[in-house]
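The values are calculated or read from the model by the stated rules, or taken from the named source; none is laboratory data. Just so we're clear, the structure is a prediction, and the values are computed from it rather than from any experiment. Ideal geometry is used to build each Cβ from the backbone, glycine not excepted, and the neighbour counts take in all protein chains shown.
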Amino acid sequence: MTAILSHIALESGKQPQYSIIWLHGLGADGQDFVPMVEELKLPVAVRYLFPHAPKRPVTLNGGFFMRAWYDITSDKIDAQQDVAGIRSSQADIEALIAQEVSRGILPHHIFLAGFSQGGAIALHTALRQTVPLAGVLALSTYLPLAESAQAEATAISRKTPVFMAHGRDDTVVPYSLGATSKAFLLAQGYDVSWHEYAMQHSVNEKELRDIEAWLKKRIEEQD
């Protein structure tokens, strides 16, 4: 059984009926997106989980140990992908999903969210679930292991809606890579809400409001 990752847990109200598992980017930690709890005004009580990625050597950064969901070997981040690292992080997130289900949160009330590398793991994991989730927020990111996703994505996962957001001036995860992932997901039958902004590798105020509106709509559709 996969051990539960160390994480920050916050609740926006009593007896939450929804959970959002939010994954940070390369080199950050779970604290990075904790401010989202105050920024997002949602109509229900939500339990937010902000897991800390394990520390591992990152080839692109000279083998320096840092929090990372998987290794990156070159500037071309979708080449020579760390299959073992990606699948290990998938298992870590699935353990968190199982934890929330054991605490009474319905699977279709669980959102996965992530920025950059965290968003890649959120997308990768959601496509392989045997029950639909409430949705996926994939911010400034891409779909890793796209070739295997075509074979491994479950039919039921196509009921999980996807919010993708990307900066047109992103030099870390190129805009073109995000757009290619969006096109792949659409071709596979996923419901993708695409948003792009005049920014680099970051999150801006307009994006936050778009995220809030999308989450509210998803919650209203479930309730």
### Query
Which residue pairs have Cβ atoms closer than 8 Å, lie 6 or more positions apart in sequence or on different chains, and pair a first residue in the range 155-171 that is without any contact (Cβ under 8 Å) to a residue 60 or more places away in the chain and farther than 18 Å from GLY118 by Cβ with a second residue that is among the charged types (D, E, K, R) and not in a strand (DSSP E or B)?
SER157/ARG128; ARG158/ASP191; PRO161/ASP191; PRO161/ARG218
### Task
Taking GLY167 as the residue in question, decide whether it is crowded, with 19+ Cβ neighbours inside 10 Å, modelled with pLDDT of 95 or more and closer than 19 Å to GLU39 by Cβ.
yes
### Task
Name the one entry in PHE111, PHE115 that is in contact with a Lys or Arg (Cβ under 9 Å, 6 or more places away or on another chain) and either over 22 Å from VAL203 (Cβ atoms) or buried (at least 24 other Cβ atoms within 10 Å of the Cβ) (or both).
PHE111
### Query
Within the bounds of the range 66-76, is there any residue that is over 23 Å from ALA126 (Cβ atoms), in contact with a Leu (Cβ under 8 Å, 6 or more places away or on another chain) and at pLDDT 95 or above?
yes
#### Entry: Enumeration of residues in the range 13-22 that are part of a loop (DSSP other than H, G, I, E, B) and either surrounded by 19 or more Cβ atoms within 10 Å (Cβ to Cβ) or within 16 Å of the chain's Cα centre (by Cα) (or both)
PRO16
### Summary
Selection from the range 189-200 of residues under 22 Å from PRO35 (Cβ atoms) and crowded, with 18+ Cβ neighbours inside 10 Å yields TYR197
#### Entry: Selection status of SER148, touching a helix residue (DSSP H, G or I) at 6+ places or on another chain (Cβ under 7 Å) and surrounded by 15 or more Cβ atoms within 10 Å (Cβ to Cβ)
no
